Every structure is written in structure tokens, then in C-alpha cells.
Amino acid sequence: MRRIPILVTLLLVAACSQESERTYTVDELIADEALLSRTISDCRNNPGELRNTVNCHNAEAADGKLRLQNMRKALGG
């Protein structure tokens, strides 16, 4: 009988725990420029905590790809 309250408590704690942040791919960030802008802004405003996260790396890669695409378009290529 002692196990039931312990299990219920563990389930409640697990349900209330902080949800992990979704990881976005480079292609998803390129497709949603508002999300890309927000992610880059968050990463640059808190580099100590976020600099080495997957989302920040993917956002920088997506930003680089978009810049290259825009330069090619501007040059007529």
C-alpha cells in the first residue's frame, strides 16, 4: 500500500516537470523566417546558456544559407 502514494507522487512530478524545448532543423528554420529571427535573437541575447544548443547551431546555419540564397538572387544567379 505504501507504493501507491509513491507512484502517484512520481507521476505528478513527472507531469509537472518542465517540457524540453523542441529542436528545429535547418530546413524548418529556413521555411519560417519569424522563428529563425526569434531563435537567433534568443541565442544572441543569452549566449552563456544557449550558445552550444542545437537550435542555436541550426539557426546560425539556416541564417548563413538564407544569406547565400539572397546574395545569389541579388547577383542574378
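The residue pairs whose first member lies in segment 33-50 and is under 12 Å from ALA62 (Cβ atoms) and in contact (Cβ under 8 Å) with a residue 12 or more places away in the chain, whose second member is in a helix (DSSP H, G or I) and of a type in the set (D, E, K, R), and whose beta carbons are closer than 7 Å, counting only pairs six or more residues apart or on different chains, are LEU36/ASP63; ILE40/ASP63.
For segment 38-77, a residue qualifies if it is small (Gly, Ala, Ser), farther than 15 Å from ARG22 by Cα and in contact with a helix residue (DSSP H, G or I) (Cβ under 9 Å, 6 or more places away or on another chain), and the qualifying residues are ALA61, ALA62, GLY77. Take the residues in segment 53-70 that are surrounded by 16 or more Cβ atoms within 10 Å (Cβ to Cβ) and hydrophobic (A, V, I, L, M, F, W, C); name whichever of them is nearest to CYS43 (Cα to Cα). Across segment 53-70, the extreme among qualifying residues is CYS56.
Read the figures in this text as sums done on the coordinates, not as results from a lab. Given the structure is predicted, the values throughout are model-derived calculations rather than measurements. As a convention, Cβ positions derive from the backbone with ideal geometry for all residues, glycine included, and neighbour counts pool all protein chains shown.
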